1. Which whole-Hz ³J(HN,Hα) couplings does segment 109-117 yield from phi under the Karplus relation 6.51 cos²θ - 1.76 cosθ + 1.60, θ = phi - 60°, glycine and proline marked x?
2. Of the cross-linked pairs Lys155/Lys209; Lys112/Lys248; Lys112/Lys155; Lys66/Lys194; Lys155/Lys256; Lys112/Lys209, which ones have a Cα-Cα span greater than 24 Å in the structure shown?
3. Identify, among Phe64, Asn160, Val53, the residue whose Cα sits farthest towards the positive end of the charge dipole of segment 9-220, taking +1 on the Cβ of Lys and Arg and -1 on the Cβ of Asp and Glu, with the dipole about the Cα centre.
4. Just want to confirm a number: the relative contact order over the chain, from Cα pairs under 8 angstrom separated by 6+ residues, in percent.
5. Using label points projected 7 Å from each Cα along Cα→Cβ, tell me how many nm separate Tyr211 and Glu171, to one decimal.
6. Label points 7 Å out from Cα along the Cβ direction at Gln136 and Glu49: separation in nm?
7. Place a +1 charge on the Cβ of each Lys and Arg in segment 225-267 and a -1 charge on the Cβ of each Asp and Glu, then give the dipole magnitude about the Cα centre in debye, rounded to the nearest 20.
8. Of [x] 41, 29, 17; [y] 34, 19, 18; [z] 29, 22, 18, which is the value of semi-axes √(5λ) of the Cα gyration tensor in Å derived from the coordinates here?
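Every read-out reported here was derived from the displayed coordinates using simple, explicitly stated rules and does not represent laboratory data. Predicted model only: the values in this text are computed from it and were never measured. Positions of Cβ are backbone-derived with ideal geometry, glycine not excepted, and every protein chain shown enters the neighbour counts.
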Amino acid sequence: MMKSRVPFFSVITSTHLRAPLLRRALQSLRAQTFQDFEIIVAADAMDAETGAVVAELLGENDTFIKHNAGPGPATSRNAAMQAARGDWVVFLDDDDMYRPHHLQNMHAHASKTGEHVLFSDYEVVTEDRSKPELGQLGQMPLSLAAIPPATVHVKNFIPNNVLVYRRNVLEGVTVDPHLRSLEDWDFILGVCAKAMPVYVPGGGAVVCKDYVNAGNRRGTQESSNDNTVIADFLHVYRRWPAPSLELKQARQALLKTNGLDLPVNWF
């Protein structure tokens, strides 16, 4: 069936055998006050529960992709980016969600700007996913208004689901499937080589975290230990050199606090 006209947003959702979380993420999209978007769900594994959620909550203009490249969000996101048709691209992983006004707010800014990457404020919800209704434990709003965007060259402070990208700025940029951590940050820096993110107020993105049940979130596996993270920091820093001496010095200082003293020209 031929799909309708190009949507304003393509919302990319990677998922891995977490049907209750996927249901919440997709329901948060169906509740948006702005509905000019397509959803692309990309799965690295499949079960009956995931299939049921997809059948219920995806429409005829949405896309479901199942690949066999192994677990992890990188290949899922890359495959979904190839299928995206929207003017702007948004990443919403299965364990996060949006408040109903989020896409409306981002559309209001994106539709009148010449910028290519936007980000906004968000909130963190802590939860116990072993409990009914995902057992919310607390929530905290976080504003990014006062943080200079160039800080992203030192460490990542922008969650993946907070950013919106003009689709053409993503051409040639992929998520690195070889990184064992920090792949979101590496991807953002790849985009920053083309266009820096610009802050806009009033977002409704929600980052959900389960600190109670070990291994519940991807990215907290045993493989993502401190040594792995430091190694990936070094990889990311070398791959994307800092654009100023001030940022090189900030990188140097950050690694020095973790016991690694490298000359500033390394960064």
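1. Per-residue couplings from phi come out as 7, 5, 6, 10, 10, x, 6, 10, 9 Hz.
2. Values: Lys155/Lys209 19 Å; Lys112/Lys248 34 Å; Lys112/Lys155 29 Å; Lys66/Lys194 30 Å; Lys155/Lys256 14 Å; Lys112/Lys209 33 Å.
Among Lys155/Lys209; Lys112/Lys248; Lys112/Lys155; Lys66/Lys194; Lys155/Lys256; Lys112/Lys209, the Cα-Cα distance tops 24 Å for Lys112/Lys248; Lys112/Lys155; Lys66/Lys194; Lys112/Lys209.
3. Comparing the listed Cα positions along the dipole, Asn160 ranks first.
4. Values: 466 pairs, mean separation 53.7, N = 267.
Result for the chain is 20 percent.
5. 4.4 nm
6. With each label point 7 Å from Cα toward Cβ, the separation is 2.1 nm.
7. On the way: 5 positive and 4 negative charges, 29 e Å.
That gives segment 225-267 a dipole magnitude of about 140 debye.
8. Correct label is [z].
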